[in-house]
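Notes follow the structure.
The values are calculated or read from the model by the stated rules, or taken from the named source; none is laboratory data. A quick note: this is a predicted structure, and the numbers were derived from the prediction, not measured.
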Amino acid sequence: MAQAKFWKFLSEVRYEVKKVTWPNKKQLVSTTGAVVFVLLVSGAFLGLLDILFTNVIRNALAALTGGM
């Protein structure tokens, strides 16, 4: 019973995958490049925020604790 449902499921998956419109190479490279660019910019921005907040907190703690 369960095995029959499994094979039916796989058959339906194969049918649905055939209906998918897959991107061509140009579209794939273009969108991948855009994703990588956004990731790099976001990573750089978050890295700069991390450095900024680390320095602000370090200076605030130093001021509160007498500069240890």
Residue within region 15-26 that is part of a helix (DSSP H, G or I), within 23 Å of the chain's Cα centre (by Cα) and not hydrophobic (A, V, I, L, M, F, W, C) present: yes
Of all residues in region 14-40, which are of a type in the set (V, I, T) and modelled with pLDDT of 95 or more? V29, T31, T32, V35, V36, V38
Checked against (1) under 23 Å from the mean Cα position of the chain (by Cα); (2) at pLDDT below 95; (3) of a type in the set (S, T, N, Q), T65 satisfies every condition except (1)
